[in-house]
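The values are calculated or read from the model by the stated rules, or taken from the named source; none is laboratory data. All values reported here derive from a predicted model rather than from experimental measurement. Methodologically, a virtual Cβ is constructed for each residue, glycine included, from the backbone with ideal geometry; neighbour enumeration extends over all protein chains shown. Remember, those area values only see protein heavy atoms, side chains included, never the ligands or the DNA or RNA. Shrake-Rupley method; radii C 1.70, N 1.55, O 1.52, S 1.80 Å.
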Amino acid sequence: MTENQPSVDYSSENLPTVLPILPLFDAALFPKMVLPLVVMEEDSLKLVDEAMAKDRIIGLVVSKKQERVRSSANGDLANVGCSALILKMAKSENNKAQMLVQGLGRFNIDAFVEGESYLRAKVSHFEDIENQTDETHALMANIVKQFGRIVELSPGLPEEISQMAGSIKEAGTLADMIASTINS
């Protein structure tokens, strides 16, 4: 696996404003989360190769359609996506790329950019607003309690995941973690 990761601060000011866009059909990525992906489509493989040669940063956007057909700018994709750093990438003999990506931050798609065989978009990055009030803390405690109940009732979820949720101090990170867990 290729994994020569540059040491860069990936705040919204340092992220590219034009990103190659990789549609996601059966998963979603949130900031700070890590997700394994398998890429098989020729255009998507070219996107990955070029990202690996540059800054290793791509945009991941959930497709509104579940079919694995080439999405276009005509509304098949959500308007908000997550920029991601390719942590590891390996290609197999049958022309597949296996990747491990980590979410960096959210972005809005402003416009799609022509010129490549894969999707590219001009994006506006934005930061989560953290507002720690007594109400926020109470809401977080309530959601952690409710999530603990979901974990109890779900045989496929390990008990430790509710303990992990209880240790998260940022409201947005907690919401992302719970959404990504119960969505699968």
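Of the conditions (1) modelled with pLDDT under 95; (2) out of contact with any helix residue (DSSP H, G or I) (no Cβ under 8 Å at 6 or more places or on another chain); (3) hydrophobic (A, V, I, L, M, F, W, C); (4) closer than 19 Å to Ala28 by Cα, Leu60 satisfies every one except a single condition; which number is it?
(1)
Suppose the filter is free of Cβ contacts under 8 Å to residues at least 60 places away in the same chain and either within 19 Å of the chain's Cα centre (by Cα) or closer than 24 Å to Val62 by Cβ (or both); does Gly81 pass it? Steps first, answer last, please.
Working: free of Cβ contacts under 8 Å to residues at least 60 places away in the same chain: no; either within 19 Å of the chain's Cα centre (by Cα) or closer than 24 Å to Val62 by Cβ (or both): yes.
Answer is no for this residue.
Can you say whether Lys65 is at pLDDT 95 or above and outside any strand (DSSP E or B), as far as the supplied structure shows?
Criteria not met by Lys65.
Among the residues of the range 167-184, write down those that are open to solvent by 40 Å² or more (accessible area, probe 1.4 Å) and within 16 Å of His137 (Cα to Cα).
Ser167, Lys169, Glu170, Ala175
So Asn131 clears everything in (1) over 20 Å from Phe25 (Cα atoms); (2) at pLDDT 90 or above; (3) open to solvent by 40 Å² or more (accessible area, probe 1.4 Å); (4) not β-branched (Val, Ile, Thr) except one condition, right? Which one?
(2)
Can you tell me which of (1) modelled with pLDDT of 95 or more; (2) assigned to a loop (DSSP other than H, G, I, E, B) is the one Leu100 doesn't meet?
Failed condition: (2).
All but one of (1) polar (S, T, N, Q); (2) assigned to a loop (DSSP other than H, G, I, E, B); (3) closer than 15 Å to Leu29 by Cβ hold for Asn94; state the number of the condition that does not hold.
If we test Asn94 against (1) polar (S, T, N, Q); (2) assigned to a loop (DSSP other than H, G, I, E, B); (3) closer than 15 Å to Leu29 by Cβ, just (3) comes out false.
Taking the options Pro23, Pro36, name whichever one is open to solvent by 40 Å² or more (accessible area, probe 1.4 Å), within 26 Å of Thr181 (Cα to Cα), modelled with pLDDT of 90 or more and part of a strand (DSSP E or B).
Pro36
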